[in-house]
Amino acid sequence: MSYTDFLLENIGLIAGIIIILPIIIVLIMTFVKLSQMKTANPDDYAANYIDKGSFRLTESRDVFLYSNLSKTPRPKPQNKN
């Protein structure tokens, strides 16, 4: 059996290894990094991430690059007489 015949007969196995092995390695690396994150505690309130007195907002304005306005007519109430 030649090397080419071996590759053709086992192409599914080889493709599976090529796809699955890196995913397994990345998952292991991700879980290792996550296990090392002991000081990160998520918080829902953004003000808790800022030191008191270190941020002063002088102007607040929303700027939108694109706007899309769509109007839908309201259904008129029907008289039930």
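The values are calculated or read from the model by the stated rules, or taken from the named source; none is laboratory data. Note that the structure is a prediction, hence the values are computed from the model and not measured. Backbone-built Cβ (ideal geometry, glycine too); neighbour counts: all protein chains shown.
The table below lists the values:
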{"item": "Residue list for segment 33-51, filter: among the hydroxyl-bearing types (Ser, Thr, Tyr) and not in a loop (DSSP other than H, G, I, E, B)", "result": "35, 49"}
{"item": "Test: residue in segment 60-74 that is in a helix (DSSP H, G or I), loosely packed, with under 10 Cβ neighbours inside 10 Å and either at negative phi or not hydroxyl-bearing (Ser, Thr, Tyr) (or both)", "result": "no"}
{"item": "For residue 16: the one exception among (1) modelled with pLDDT of 90 or more; (2) surrounded by 10 or more Cβ atoms within 10 Å (Cβ to Cβ); (3) not aliphatic (A, V, I, L, M)", "result": "(1)"}
